[in-house]
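Below is one structure, written out as structure tokens; comments come after it.
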Amino acid sequence: MKKTFYILLLLLFLFSLVACTAYEGAELIYNRGDQPNQLIWNNINYTEYQTVYKQFGDKLPDAIKLGKQIGIVDGDKKTKLCEIKGYSPDEWLITHFTDSMSNEYRIFKADHVTDIPPELEISNFQ
């Protein structure tokens, strides 16, 4: 009986470790005026490149496919930091804010990136 209890206790502990994934935090620096927002994640500086708003049920542009969640922004669990499928997270990231009315996606480009893939050109989102 004791053995079963300890095995169940160990399994419960292991399950709690898996269930409580801690995401690395990113810092969003809001700028005023004409300056774009900045994001710092994994010691890389990113600049906001484009914001895409959509209502629930609408599709994102084909070039944007959310990858796995790799963090949260400013400790807010509603603002998810994700990879963009097909692009290196060291170059491109996307934040996804969800509330009850709409979704907001902000694409961030690492400051060292100079070549913009044609499918991510701003003109494709307007």
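The values are calculated or read from the model by the stated rules, or taken from the named source; none is laboratory data. Given the structure is predicted, the values throughout are model-derived calculations rather than measurements. Note: ideal-geometry Cβ built from the backbone for every residue, glycine included; neighbour counts use all protein chains shown.
Against the list (1) at pLDDT 85 or above; (2) in a strand (DSSP E or B); (3) among the hydrophobic types (A, V, I, L, M, F, W, C), the condition residue 97 fails is (1).
Taking residues in the range 52-80 that are among the hydroxyl-bearing types (Ser, Thr, Tyr), and partners anywhere that are modelled with pLDDT of 85 or more, the pairs with Cβ atoms closer than 7 Å and at least 6 places apart or on different chains are 79/72; 79/73; 79/95. Taken over the range 102-126, residues that are part of a loop (DSSP other than H, G, I, E, B), surrounded by 11 or more Cβ atoms within 10 Å (Cβ to Cβ) and either modelled with pLDDT under 85 or among the polar types (S, T, N, Q) (or both) amount to 1.
One residue stands out among those in the range 54-68 that are in a strand (DSSP E or B) and under 15 Å from the mean Cα position of the chain (by Cα): the one that is modelled with the lowest pLDDT, which is 66. Against the numbered list (1) more than 16 Å from residue 29 (Cα to Cα); (2) over 12 Å from the mean Cα position of the chain (by Cα); (3) surrounded by fewer than 16 Cβ atoms within 10 Å (Cβ to Cβ), residue 85 comes up short only at (2).
Does the range 41-52 include one or more residues that are surrounded by fewer than 13 Cβ atoms within 10 Å (Cβ to Cβ), modelled with pLDDT of 85 or more, under 12 Å from the mean Cα position of the chain (by Cα) and not acidic (Asp, Glu)? No, the range 41-52 contains no residue that is surrounded by fewer than 13 Cβ atoms within 10 Å (Cβ to Cβ), modelled with pLDDT of 85 or more, under 12 Å from the mean Cα position of the chain (by Cα) and not acidic (Asp, Glu).
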